[in-house]
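The values are calculated or read from the model by the stated rules, or taken from the named source; none is laboratory data. Predicted model, so just to flag it, every value in this text is computed and none were measured. All Cβ positions, even for glycine, are placed from backbone atoms using ideal geometry, and neighbour counts span all protein chains on display. To get the accessible areas, we keep the full protein, side chains included, count just its heavy atoms, and leave off ligands, DNA and RNA. Shrake-Rupley method; radii C 1.70, N 1.55, O 1.52, S 1.80 Å.
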Amino acid sequence: MAAFVSVPAGHLRPLRLSTAVSRRPLPGTAAAAPNGASPRAPRRRAAAAGIGMVTTPKPGSPSAAASPAPPSAAASVAAAAAAAVAAMPPTDSSQLYDVVVIGGGPAGLSLSAGLGERGLRTLVLDASLDTPWPNNYGVWLDELEALGLGDCTSAVWPDAVAYVRADGAPSALNRVYVRLDRHALKRRLLARCRASGAVTVVQAAAADVDVSPGTHSVVTYRDVAPATEGGADPDTPPGRPRMVGPVRSARGAVVADATGHALRFVEMEGAPAGGDGPSSLDLRGYQAAYGIEAVVEAHPYAPGQMVLMDYRDDHMQGSAAERTESATVPTFLYAMPTAPTRVFFEETSLIAAPAVPFEDLKRRLYARLAHDGITVTEVLDEEFCLIPMGGPLPVRQQRVVAFGGAAALVHPATGYMVARALELADEAAGHIAGELAAAKAKAAASLPAGGDPDGELEVDADAVASGVWEALWSVGRRKQRDFFNFGGEYLRRLDLPTIRDFFSAFFRLPRQQWAEFLSFRLLRPGERLAFGLGVFFRTTNRVRATITPFGMFHGRGKLLMSLLPLYPVDVPPPVKLPPLPEEGA
């Protein structure tokens with residue numbers, strides 16, 4: 001998740017994001033902490049993201065532009081960016097790039113590295129090139145190891161548990177969970193771009209994409225002042241990059257939007273381009289969370305253990321109003337202890353529409369900690385998280401292609417995306433390279449006698465983009481997403497007892513099944529059917545009584561079509577899990 005949507009705490013409502021303009025934070029102020037809840041003010045914001053979450057700063061705060069990292073991390077990222085830029089080919093406005101990538105988060109840089117390694121001349125425009133990524137990511141270790149990134153971790157928990165059972169007992173997940181070292185990953189991807197010799201990365205902000213030429217698109221942009229220059233600019237709103245120099249332009253046979261959920265350069269199905277009137281974007285759910293990186297006197301977690309989900313609500317039993325709120329608006333705790341006296345806590349609404357307000361999540365978190373006897377002595381970081389989930393897919397007949405959040409790659413039922421984007425980046429780069437190679441071959445074959453085959457070849461830019469879109473969102477992947485969309489839309493309708501019953505059955509499935517669901521697998525219709533039946537027969541009548549009618553009438557048959565083997569699918573390798581611990585170990 002490379003880009004994020006900024007909203008002020010206390011004003012969290014569904015957002016309609018236009019495809020035509022960039023979004024600004026909604027007006028408002030951040031919610032205050034409960035009296036006495038935060039002994040010290042937070043120094044900086046940036047803690048580990050929850051179930052695939054995106055972090056958002058408080059608008060207008062000093063951290064709104066980017067979350068400060070420890071000096072060593074910030075310096076290492078700035079040095080890596082400077083080394084990458086120094087070793088890369090300079091920009092050339094007269095050159096036709098094969099691909100212009102807008103956005104340099106995990107999705108954008110991983111895609112760019114794959115393009116460069118295929119010899120495609122690639123230009124990357126990233127306004128925050130020299131600063132650390134502001135959001136952290138929690139992922140499964142097996143996913144990183146499959147990508148050769150098993151060393152890009154900053155914390156590892158061999159023992160992940162979930163509290164989802166009605167009796168309050170933990171469910172052992174037997175799957176290793178990690179915090180992704182976002183600084184190491186950014187350095188790794190920049191190094192790959194530099195080593196390819198074909199990628200140019202520029203610290204710049206894209207302003208517009210002109211798709212009127214038939215053989216290429218034109219991206220206009222302005223350079224951004226490096227963060228190391230410091231100094232306030234009275235003409236630049238807080239949290240916005242400081243533009244320097246004239247407006248420039250770059251031509252690309254393909255333009256890829258990797259700017260995340262802002263949807264500045266891509267159009268979504270059923271969403272008016274101007275953002276006016278009813279929109280399919282209004283149908284999305286939202287994952288929201290409030291988190292703190294805290295120093296505590298002590299915590300109850302065993303060494304090497306993290307809590308993926310804690311749906312217990314003993315802290316919400318003080319009054320009838322609290323009990324009703326807890327039952328009707330379920331939230332859970334996500335806890336990542338990194339030392340005997342340091343933990344990242346996050347109170348999370350898995351998916352809701354409208355989103356649960358930040359101030360409610362903050363109040364619940366502090367109530368939970370007080371009930372559990374956890375005394376916070378210092379708040380190091382504070383985090384506000386929001387991620388749109390589900391909703392429409394991008395229009396597949398459009399010139400600008402997308403990747404990451406802009407391409408709707410977020411898991412509609414869990415919010416996970418970063419591992420999937422890193423995995424699909426190489427595949428997407430291959431699709432782009434293949435479409436461009438075919439288009440260039442066709443253009444070369446049509447050259448008149450005596451034409452220069454090494455000159456600029458005029459490709460059909462619309463046809464190239466269409467081919468890439470169809471490969472990225474094949475019919476098999478669209479049906480797979482319909483199934484996950486069903487899951488997300490069902491979960492957001494559940495009360496606390498029903499959602500506990502659902503996840504209790506979910507984690508009693510064979511580990512491979514629930515792991516494939518969380519990792520955006522289950523591409524074969526038969527796998528999805530087996531998963532659904534597995535939950536159905538393991539769960540309670542309360543879940544069966546709600547999921548059956550919803551499944552019958554949801555999406556005018558989309559769920560049924562996602563379960564029928566009527567279309568080809570490209571199946572990735574299965575998730576490779578470590579062996580289960582021996583019985584009694």
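A few comments on the model shown:
- Per atom type, the range 476-563 shows carbon and sulfur on 60% of its accessible surface, probed at 1.4 Å.
- Extension gain, residue 558 to residue 460, is 31.9 nm, computed as 0.36 nm per intervening residue step minus the present C-alpha separation.
- Charged-residue dipole, Cβ positions (Lys, Arg, Asp, Glu), the range 375-430 about Cα centre, Debye nearest 20: 540
- 3J(HN,Hα) couplings calculated from phi for the range 481-494 with the Karplus curve 6.51 cos²θ - 1.76 cosθ + 1.60 (θ = phi - 60°) are, in sequence order, 5, 4, 5, 5, 4, 4, x, x, 5, 5, 4, 6, 9, 8 Hz; Gly and Pro show x.
- Remark: the range 456-585 carries 50 Å² of accessible area per residue (probe radius 1.4 Å; ligands, DNA and RNA excluded).
- The range 144-229, accessible surface, carbon-and-sulfur percent (1.4 angstrom probe): 48
- The dipole here belongs to the range 259-398: it is taken about the Cα centre, uses +1 on the Cβ of Lys and Arg and -1 on the Cβ of Asp and Glu, and is about 280 debye.
- Each Lys or Arg adds one and each Asp or Glu takes one away; over the other residues whose Cβ falls under 15 Å from the Cβ of residue 525, this sums to +4.
- Accessible area of the range 285-389 belonging to carbon and sulfur atoms, whole % at 1.4 Å probe: 55
- For residue 175, residues with placed amide H under 5 Å, excluding near neighbours: 160
- Net charge of neighbours whose Cβ lies under 13 Å from the Cβ of residue 147, counting Lys and Arg as +1 and Asp and Glu as -1: -3
- Among the GluC sites (Glu not before Pro) within the range 514-585, those in coil by DSSP and having at most 12 neighbouring Cβ atoms inside 10 Å are 582, 583.
- Computed log₁₀ I(q)/I(0) - Debye formula, equal Cα scatterers, no solvent, the range 431-582, q 0.11, 0.15, 0.21 Å⁻¹: -0.59, -0.84, -1.30
- The per residue volume of the convex hull around the alpha-carbon atoms of the range 373-418 is 119 Å³.
- At q = 0.27, 0.28 Å⁻¹ the log10 of I(q)/I(0) for the range 390-448 amounts to -1.14, -1.17, computed by Debye summation with a single uniform scatterer per C-alpha, solvent ignored.
- Full extension of the chain segment joining residue 317 with residue 172 gains 49.6 nm, where the gain is 0.36 nm per residue of separation less the Cα-Cα distance.
- Volume per residue that the Cα convex hull of the range 287-330 spans, once the total is divided by residue count, Å³: 127
- Size descriptors for the range 476-563, from the alpha-carbon set: Rg then Dmax equal 12.1, 34 Å.
- Rg to Rh, two decimals, where the range 285-389 supplies the alpha carbon set and Rh follows Kirkwood: 0.96
- Neighbours of residue 214 by Cβ distance under 13 Å: Lys/Arg scored +1, Asp/Glu scored -1, total -2.
- Cα-centre dipole for the range 476-563 with unit charges at Cβ (Lys and Arg positive, Asp and Glu negative), debye to 20: 200
- Two-site FRET efficiency, residue 244 against residue 96, from Cβ-Cβ distance with R₀ of 25 Å, rounded to 0.05: 0.45
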